[in-house]
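Worksheet: one structure, shown below.
The values are calculated or read from the model by the stated rules, or taken from the named source; none is laboratory data. What you see is a predicted model, and the numbers here were worked out from it, not measured in a lab. When we count neighbours, we look across all protein chains shown, and the Cβ atoms used for this are built from the backbone with ideal geometry, even at glycine. The accessibility values were calculated without ligands, DNA or RNA, using every heavy atom of the protein model including side chains. Shrake-Rupley method; radii C 1.70, N 1.55, O 1.52, S 1.80 Å.
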Amino acid sequence: METLQYFLPQVWFVILALFLFLYVMLDGFDLGVGILSLTSSDEERRGILMTSLSNILDANETWLVLMAGGLFGAFPLAYGTILNALYIPILVMIFGFIFRGVAFEFRELSRRKLFWNLAFGAGSFTAALGQGFALGAVLQGVNVDKKGHFIGSTWDWLSLPSILVALTLIQGYVLIGSTYLVWKTTGELQETHYKTAKLAAWTTLIGAILITITTPIIYEGARMRLFQKPLVYIFAVIPVLGIWLIWQLLQSLNRKEERAPFVWTILLFVLTFLGLGLIVFPYIIPRQITIYEAAADPSSLVIMIIFIGFLIPVMLFYNLYQYIVFRGKVTGDEYGE
C-alpha cells in the first residue's frame, strides 16, 4: 500500500501534465487563430481563418475538460484550493470560451458578421488571458493553511510576474496559431502569417527570457529548485535548447517551409512543459501542497487509471483521425491563388 501511495500520485501527475500539454498545444493554435482574426483586414480572410478551425475546435477543448475532471478525482484537495484561489481568472477564461463558441456558430448564420467576428477574437483573447493569469498564479504559489485550504485574498493572482506569464502565453498562442495558418493557407494569406509567426517568435522569446531571469530572483522556492544538483545542469541546458529551437523555427520561416515551423513550435512547447514540470514536481501547488498530500485514496486512483487507460487511446485516435481527414489547405477565391 505504501508503494501505491508513493507511485500512483506520480502517475497521475504525468497524466494530468499530458492532458494539459495536449490542450495547450491543440486548443492553443485555436486561440491563436482567434486572436489573429482580430487583425484580418477583410471578411474573406476571417472566413478562411475560421473555416480552418471548423472541424477541430470542439475536440481540442475536450482535453481541458479531461484535465479538470482528472484533477478533481486524483487530487481533490488541490482542485478545491485552486478553484478558490483562481476564481476570477477561471471565470474570465470560461466567459471567453462562451463568447468564442457562440460567436463561432452565430457568425455562419448572420448577415452582419462584424459583431460576431469581434466576439470570436475577443473571446479567444480573453480565454488566453485568463489561462495566463491562472498559470502565473499557480507558479508563484497559493497561500494555504496547514490543511491545504486557501487563505489568501481574491486578487492574489494579479501580480507583475503573472502579467508577464499571461502576456507570454498569449504570444505563444499567436505563434502556434500563425505556424498552423502557414500550414493550412496559401498565397497572400500564407505570406501574412509567415510575418506574424516571425514577430510572435521574437516576442515569445523575449517573454521567456524575462520569465527565466525573474523567476529565480522573485521566488525563493524556484531559486532553490533551479540551483539544486543535479537539476541545475538540466536547467542550464533547457534555455540553450530553447534558443536553438527558436533559431530553427526562424530559419524554417525564412525558407518558406510550410509544416516545419509548426513542428518546431510544438517542440518549443514540449521543452517548456518539461522545464515547468521539473520546477513544480513534486508539488501540485508549488511549494505548498505535494502530490502525495493532495492525492485521493489509492483505490480511487487505480479505478480512474483503468478508465483513463481506455479513454486516452480513443481520444488520441479520434484527434489523429480528424487531422488526417481534414489535412488539406483552406483556400479562398483571392488568397488561394
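For this structure, a couple of remarks:
- Taking each of LYS113/LYS198; LYS198/LYS229; LYS195/LYS329; LYS198/LYS329 in turn, the alpha-carbon distance tops 24 angstrom for LYS113/LYS198; LYS198/LYS229.
- Fraction of accessible area attributable to carbon and sulfur, the chain (%, probe 1.4 Å): 71
- Gain upon complete extension [ILE303, THR212; 0.36 nm per residue less C-alpha separation]: 28.9 nm
- Overall form of region 56-141 per C-alpha gyration tensor (a/c, 1.5; a/b vs b/c): prolate
- Cα gyration tensor, region 205-337 - rounded (a/c under 1.5), prolate or oblate: oblate
- Size of charge dipole - the chain - debye, nearest 20, with Cβ of Lys, Arg +1 and Asp, Glu -1, no other charges: 480
- The chain: angle of helix 87-109 to the longest principal axis, Cα-based, in degrees nearest 10: 20
- For the chain, a Gaussian network of Cα nodes joined below 10 Å ranks GLN228, GLN288, GLN131 by mean-square fluctuation, and the top entry is GLN228.
- Taking the chain and dividing mean pair separation by its residue count, relative contact order in percent (alpha carbons under 8 Å, at least six apart): 24
- Solvent exposure of LYS198, expressed as accessible area, is near 60 Å², computed with a probe of 1.4 Å over the protein chains only.
- TRP244 contributes an accessible area of around 120 Å² to the protein surface, as traced by a 1.4 Å probe with all chains present.
- Taking all protein chains into account, the per residue accessible area for the chain stands at 50 Å² (1.4 Å probe).
- Between LEU38 and PHE281, the FRET efficiency from the beta-carbon distance, with R0 = 30 Å, is close to 0.20.
- Ranking GLY121, LEU160, SER178 by how far each Cα lies toward the positive end of the dipole of the chain (charges on Cβ) leaves LEU160 at the top.
- Taken along its principal axes, the alpha carbon cloud of region 237-288 reaches lengths of 47, 19, 9 Å, longest axis first.
- Nitroxide proxy distance, nm - points 7 Å out along Cα→Cβ at VAL65 and LEU114: 3.5
- Lys, Arg +1 and Asp, Glu -1 on Cβ, resulting dipole of region 51-175 about Cα centre, debye, nearest 20: 240
- You can think of it this way: the chain between VAL325 and THR154 has 57.0 nm of extra reach, that is 0.36 nm per residue less the Cα-Cα gap.
- On Cα atoms only, tilt of 160-184 relative to the major axis of the chain in degrees: 40
- Using C-alpha pairs under 8 Å with a sequence gap of at least 6, the mean separation divided by the residue count of region 126-224 gives a relative contact order of 26 percent.
- Electrostatic dipole magnitude of region 194-290 [Cβ: Lys, Arg +1; Asp, Glu -1; Cα centre; debye, to 20]: 80
- Prolate/oblate/rounded label for region 66-108 (Cα gyration tensor, a/c 1.5): oblate
- With both labels modelled 7 Å from their Cα along Cα-to-Cβ, the GLU191 to ASN143 distance reads 5.5 nm.
- Of the labelled figures (i) 83, 52, 45; (ii) 64, 40, 38; (iii) 108, 64, 30, only one reflects Cα extents along the principal axes in Å as derived from the coordinates, namely (ii).
- Dipole of region 9-122, positive direction: furthest Cα of MET25, LEU109, LEU83, with charges on the beta-carbon: LEU109
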